[in-house]
1. Can you compute the charge dipole magnitude of the chain about its Cα centre, using +1 on each Lys and Arg Cβ and -1 on each Asp and Glu Cβ, nothing else charged? Give it in debye, rounded to the nearest 20.
2. Taking every Cα atom in segment 106-146, find the radius of gyration and the maximum pairwise distance Dmax, and write them in Å.
3. Quick one: net charge of Ile20's neighbours, Cβ under 13 Å, K/R +1, D/E -1?
4. Kindly write out, for segment 22-30 in residue order, the coupling ³J(HN,Hα) from the Karplus curve 6.51 cos²θ - 1.76 cosθ + 1.60 (θ = phi - 60°), rounded to whole Hz, with x marking Gly and Pro.
5. Taking every pair of alpha-carbon atoms in segment 1-140, give the share separated by more than 21 Å as a whole percent.
6. Over segment 71-199, with the other protein chains present, what is the accessible area per residue in square angstrom, probe 1.4 angstrom?
7. Could you work out which residue, out of His168, His112, His67, moves most in a Gaussian network model of the chain, that is, has the largest mean-square fluctuation with Cα springs under 10 Å?
8. For the chain, which span is the longest to avoid every loop-located (per DSSP) member of GluC sites (Glu not before Pro) having at most 15 other Cβ atoms inside 10 Å?
Amino acid sequence: MQHYPQRLDRAGQGALLGAIRQIVAEAPLYTPTMPRSGNPMSVLMTNAGPLGWVTDKERGYRYQATHPETGEPWPAIPPMLIALWAELSGYLPPPQACLINYYRGASKMGLHQDKDEEDFSAPVLSVSLGDTGIFRVGGKSRKGPTQKFDLKSGDVFVLGGEDRLAYHGIDRVLPGTSDLLLEGGRFNLTLRRVTKPNC
Ligand code: MD6
Ligand code: FE
């Protein structure tokens, strides 16, 4: 795992936020639901890229090419995120999915593994914008020791190699720690490869 604190300066954060606002205007944030229980998640989600990660009661976790509420294809991944992936991922093919999570108030993300992809040789790279998230990372088993990182606005975090399947989550978001978002809260963008490259 690799933490790049303040990888994006304030201008870069503003530019990326502008691109995210455009994506959200086309592909609105929605409340995803958990498989089987149908319980709502506390974060709002949308995606960019040829594929998006979605979940609902009936069909569970999966990647699909269209927004579950509008039925439209996801907007393109912003070029600056493709460039960041090229610089930091160590993986040649470009990302296929950019999951956008928005945390407000008491939103959190339980410990999970990112394992709905076919290809674990590619890392998962995240960028945080807005209020600080308390990020917890453990090992490949749900129990065992964990480490905590403050993910601040502009931070990049990469889970790859040995840590690609490490359990991780967001304990909570600290309100009022960034003034990047006028409405407060936190965006986290995760870039992923979904399919195995065909050569
Ligand atoms: C979050 N992040 O930061 C949730 N996954 O809000 C993730 O679930 C995550 O930050 C894989 C790699 C990096 C991450
Ligand atoms: Fe994750």
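1. 580 debye
2. 12.4, 33
3. Result for the neighbourhood of Ile20: 0.
4. Using θ = phi - 60°, the values come out as 5, 4, 5, 5, 8, 10, x, 4, 9 Hz.
5. Value for segment 1-140 (Cα pairs over 21 Å): 46 percent.
6. Averaged over the residues of segment 71-199, the accessible area is 45 Å².
7. With Cα springs under 10 Å in the chain, the top fluctuation among His168, His112, His67 is at His112.
8. 119-182
The values are calculated or read from the model by the stated rules, or taken from the named source; none is laboratory data. All values reported here derive from a predicted model rather than from experimental measurement. Glycine gets a Cβ as well: all are built from the backbone with ideal geometry, and neighbour counts include every protein chain shown. Surface accessibility is based on the protein's heavy atoms, side chains included, excluding ligands, DNA and RNA. Shrake-Rupley method; radii C 1.70, N 1.55, O 1.52, S 1.80 Å.
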